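What follows is a set of notes on a single structure, which appears directly below.
The values are calculated or read from the model by the stated rules, or taken from the named source; none is laboratory data. Everything numeric in this text was worked out from a predicted model, so none of it was measured. Note that each Cβ is placed from the backbone with ideal geometry, even for glycine, and that neighbours are counted across all protein chains shown.
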Amino acid sequence: MNLSEYEQWENEAYCLAAVRQDGHALVYVKVQTPKICEEAVKQDGYALQYVKVQTPKICEEAVKQNGDALRYVKVQTPKICEEAVKQNGDALRYVCIKDVFKKLMPKEPPAKPKCGREL
């Protein structure tokens, strides 16, 4: 029997407990509710890739937990992009909104590394 075939994946309480332990358990959840999805992405932002119906709130929670989860956001908003870059500056590479990208782009080049040599 495949793990996804267990009846527990239809029980909301069981699913909530599972995604709170490991957000990637969302892949097995048969009926995804907003609450289950939010809990999954709070535990691991990358669980956003398994969310069937993304809402701005779920996406914001995902990028607050891991800015790189922006790569899985289907409809970006300025707020979601800003939260992602605030959490992880490298998430800037996933920003698809030109005006937001320009706004978030550093004005000055990064300072020299503290090690005293060029990388």
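Pairing each residue of the stretch 74-85 that is over 15 Å from residue 49 (Cα atoms) and β-branched (Val, Ile, Thr) with any residue that is surrounded by fewer than 17 Cβ atoms within 10 Å (Cβ to Cβ) and modelled with pLDDT under 95, provided the two are 6+ apart or on different chains, yields C-beta distances under 9 Å for 77/97. Please specify each residue of the stretch 52-109 satisfying the condition of being at pLDDT below 95 and among the small types (Gly, Ala, Ser). The answer is 89, 91. On the stretch given as the stretch 60-107, residues that are more than 14 Å from the chain's Cα centre (by Cα) and among the aromatic types (Phe, Trp, Tyr) total 1. Looking at the stretch 14-32, can you tell me whether even one residue there is farther than 19 Å from residue 69 by Cα, of a type in the set (Gly, Ala, Ser) and modelled with pLDDT of 95 or more? Yes, there is a match, as at least one residue in the stretch 14-32 is farther than 19 Å from residue 69 by Cα, of a type in the set (Gly, Ala, Ser) and modelled with pLDDT of 95 or more. The set of residues in the stretch 27-68 being among the small types (Gly, Ala, Ser) and either within 15 Å of residue 17 (Cβ to Cβ) or in contact with a strand residue (DSSP E or B) (Cβ under 6 Å, 6 or more places away or on another chain) (or both) consists of 40, 47.
Looking at this structure, is residue 13 touching a Lys or Arg at 6+ places or on another chain (Cβ under 9 Å), small (Gly, Ala, Ser) and in a helix (DSSP H, G or I)? No, not satisfied. Among the residues of the stretch 18-74, those that are part of a helix (DSSP H, G or I) and over 19 Å from residue 84 (Cα atoms) comprise 18, 19, 20, 21, 24, 25, 26, 27, 28, 34, 35, 36.
Can you say whether residue 43 is without any contact (Cβ under 8 Å) to a residue 60 or more places away in the chain and closer than 20 Å to residue 12 by Cα, as far as the supplied structure shows? Here the answer is yes, as residue 43 does meet what is asked.
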